[in-house]
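Report on the structure given below.
The values are calculated or read from the model by the stated rules, or taken from the named source; none is laboratory data. Worth saying up front: this structure is predicted, and the values here are computed from it rather than measured. Every residue, glycine as well, gets a Cβ built from its backbone with ideal geometry; the counts of neighbours run over all protein chains shown.
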Amino acid sequence: MEAYSVFDIIGPVMVGPSSSHTAGAARLGKLARQIVEGSIKRVEFILYGSFARTYKGHGTDKALLAGILGLDPHDEKLAYSFEMAREKGVEFGFTLSNARAPHPNSVRMIITTWEGKQRSILGCSIGGGNVLLKEIDGIEVELTGKYDTLITTHRDRPGIVARVAKVLADHDINIAYMRVYRRAKGDRAIMVIESDQPISGEVKRGIREVEGIMEAAILNPL
Amino acid sequence: MYEFSTGSQLLRLTRKFRKPIWEIVALSEQERTGRPWEDIFEDMRSRLRVMEESIRKGLSQELKSLSGLSGGEARRLYQRAMVGLALSGDRVARAAAAALAVTEVNAAMGKIVAAPTAGSSGVIPGALIIVAQELGKSEEEIAQALFTAAGIGLIIAQNATLSGAEGGCQAEVGSASSMAAGALVELLGGTAEQCLAAASFALMNLMGLICDPLAGLVEIPCIKRNALGCLNAILCADFALAGMESPIPFDEVVQAMYQVGKALPPTLKETAEGGIAATPTAKRLEEQIFKGDPL
C-alpha cells in the first residue's frame, strides 16, 4: 500500500483539464528541458496513442510546449505557450503517430539547441500527473523526476562511475538510487543518480570535468 | 502514532486521543513528513484560496472549453439562485453553481485544485466552501474541514481507487462527494462517527456511476455530475446530522465501491466507448472536435 500525503488527495494544484493529458504533459516537457544542455532552438513533438487522438481537447500540445519553456503544471500561462514560444523564438512542431508506444499517453520530444546538438526523449504520462521518462537518445531508461536527479551521458568504459561517485561523495551528497543504462558494451551509456539532497550547479560542473562524461544535467523534483 | 489506513482505525484514534478527525489527519501528516504544523496548514489554506479563486473565476467570466462543448452554464444557475427561483433551494443551487464553475474553469485550461481529481474538482469547493461561507465559518475552520475531507479520501485511495479509469465516476465524483459529506458534518459539529456515516451514505448513493466522457474530455457529462456530487454531499450530511446511522460501516462501503469498479467493463471506465460517450450524437460531436485540421 502506498503512503499518500493529504496533498495528493487535496491536490495537486494544476491547470486543467486533465491530470494525465495536461499536467503530466507539462511535467514531461519540463523534464526534457532540464535534460538538454544549452538553449533550445526547435522542438518536434511526436504524439502517440491517446495523446495523438485527444490532444486538442486536453491542451496536451500547449502543456508540452509550456513545459519545454520551463512553466510548471500549475502555471496559468500554460494556455498561452504557443504565443510565448513565438515571442522567445523557439520553433515547434507536432506530428501524430499511430505507431505502438510503451504507454497510451506517450510523446517523443526531439530537441535541437542553438549549439547544434539534438536530443531525443521519450516519455509517458502514467496517471494522476505522474510521468516516466522511458528513453533518452535511443537508450532505455526509467526516470520519474520525483527526486533530485543527476543524469550523465558517457562512453561505457571502466572507472567513470567510480569517478562520478567520488565527486558526489566529496560534496557530501548521498546517493539514494543509481542506475546505469547502455545500448551495447563500449557504446554510449546513461547514468541516473537520484539523491535525497539538492544537487548544485557546482557539483554538476565537477561531474562535467570527469574525463569521458559527455553530458550532465540536474533535474529538480517536479 | 496517528497513522491510519481504514475508517475503523481513524475512529479508534479519534476516541483514543479525544480529537476530531481533522486534527488526527493533520497530526498523521505531520508525523509522516516531519513538516511543521504551521507549514502544513499554510499549504492547505493556499489550496483553499485556489479553490475560492476558481469559483470566483467560473462565476464571473463567460468561459469556453477548448473543445467549445461547454462553459458559461455555472452563471445561469447562479443567477437563478440569486433571484430566488431555484427549486432545489437557493443555498443548494449556489453550491451546485460553484461546483459547475470550478469544473468549467478546469475544462477551459484554468487553475484548479484536483480534489481528489481534476475531473471531480468542483464537488468539494461547491459543497464545502460555499455552504461553510454562508454559515459564517472562518478560513481556519474551512481549512480544518479540508483535512477531514483529505482523511476520507486517503482511506478510499488506500483501500480502493480514486481513478475513473480504474473505478468509474463513482471513484471520482463518488469519492469527492463522500469526502465533502464527511467534512460538512464535522464542520457543523457532528461526531466522528456521524462524519463517516455521511461519507458512507454519499458513496452508497453514487455507487455504480460510470465514467463515460464524450470524446474522452472532462466536460460532458462530467461537469454536471460534479453538481450532482455536491448536492448529494449536502443531502448526506443532513442525513447524518439528523441522526441517521449507516447500517454498513464506511470501510465496507469503500470495499463495495472498489469491487463494483473492478466489475465495470472497460467501456465504462474513461475510454469514451460506452454510456453517453457512445451515443450517436456524442460520436458525431467527437468527430467534429477531432477532425483533422493538422497542426
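Side notes on the structure shown:
- Unmet criterion (only one of (1) in a loop (DSSP other than H, G, I, E, B); (2) over 23 Å from the mean Cα position of the chain (by Cα); (3) within 14 Å of chain A (Cβ to nearest Cβ); (4) not β-branched (Val, Ile, Thr)) for B:Lys19: (3)
- Taking the criterion of being under 17 Å from the mean Cα position of the chain (by Cα) and assigned to a helix (DSSP H, G or I), the residues of segment A:52-80 that qualify are A:Thr60, A:Asp61, A:Lys62, A:Ala63, A:Leu64, A:Leu65, A:Ala66, A:Gly67, A:Ile68.
- Hey, B:Ala277 in contact (Cβ under 8 Å) with a residue 12 or more places away in the chain and small (Gly, Ala, Ser) or not: yes
- Residues (at the interface with chain A (Cβ under 7 Å from one of its Cβ atoms), over 14 Å from A:Ser18 (Cβ atoms) and of a type in the set (Gly, Ala, Ser)) located in segment B:94-117: B:Ala115
- Among the residues of segment B:81-99, those that are touching a residue at least 12 places away in the same chain (Cβ under 8 Å) and more than 15 Å from B:Leu228 (Cβ to Cβ) comprise B:Ala81, B:Met82, B:Arg91, B:Arg94.
- Any chance B:Gly7 is modelled with pLDDT under 95 and either under 22 Å from the mean Cα position of the chain (by Cα) or more than 9 Å from chain A (Cβ to nearest Cβ) (or both): no
- Qualifying residues in segment B:156-170 (those that are without any contact (Cβ under 8 Å) to a residue 60 or more places away in the chain and assigned to a helix (DSSP H, G or I)) - the one farthest from the other protein chains (Cβ to nearest Cβ): B:Cys169
- Segment A:56-93, subset closer than 24 Å to B:Ile289 by Cα and surrounded by fewer than 19 Cβ atoms within 10 Å (Cβ to Cβ), residue nearest to the other protein chains (Cβ to nearest Cβ): A:Glu76
- Where a residue in segment A:16-30 is within 12 Å of another protein chain (Cβ to nearest Cβ) and its partner, wherever it lies, is surrounded by fewer than 24 Cβ atoms within 10 Å (Cβ to Cβ) and assigned to a helix (DSSP H, G or I), with Cβ under 7 Å and at least six apart: A:His21/A:Thr54
- Inter-residue pairs, beta-carbon under 8 Å, first more than 10 Å from chain A (Cβ to nearest Cβ) and charged (D, E, K, R) and in segment B:213-242, second surrounded by 24 or more Cβ atoms within 10 Å (Cβ to Cβ) and not in a helix (DSSP H, G or I), 6+ apart: B:Arg225/B:Leu209
- Members of segment B:131-147 that are more than 10 Å from chain A (Cβ to nearest Cβ) and surrounded by 24 or more Cβ atoms within 10 Å (Cβ to Cβ): B:Val131, B:Ala145
- Qualifying positions in segment A:140-179 - exposed (fewer than 15 other Cβ atoms within 10 Å of the Cβ) and either under 26 Å from A:Gly29 (Cβ atoms) or modelled with pLDDT of 95 or more (or both): A:Glu140, A:Glu142, A:Lys146, A:Ala176, A:Tyr177, A:Arg179
- Test: residue in segment A:2-11 that is among the hydroxyl-bearing types (Ser, Thr, Tyr) and either more than 9 Å from chain B (Cβ to nearest Cβ) or touching a Gly at 6+ places or on another chain (Cβ under 7 Å) (or both): no
- Residue count, segment B:48-92 (criterion: of a type in the set (A, V, I, L, M), closer than 23 Å to A:His58 by Cα and at pLDDT 95 or above): 5
- Scope segment B:47-73; condition at the interface with another protein chain (Cβ under 8 Å from one of its Cβ atoms) and in a helix (DSSP H, G or I); matching residues: B:Arg47, B:Val50
- For segment A:180-222, the candidate set comprises residues that are of a type outside the set (Val, Ile, Thr), assigned to a helix (DSSP H, G or I) and touching a residue at least 24 places away in the same chain (Cβ under 8 Å); within that set, the residue that is farthest from A:Pro73 (Cα to Cα) is A:Gly206.
- Those strands (runs of 3 or more DSSP E) lying entirely in segment A:90-149 with at least 2 residues out of contact with any Phe, Trp or Tyr (no Cβ under 7 Å at 6 or more places or on another chain) and assigned by TED's automatic domain parsing to the domain that holds A:His21: A:91-96, A:105-113, A:118-127, A:130-136
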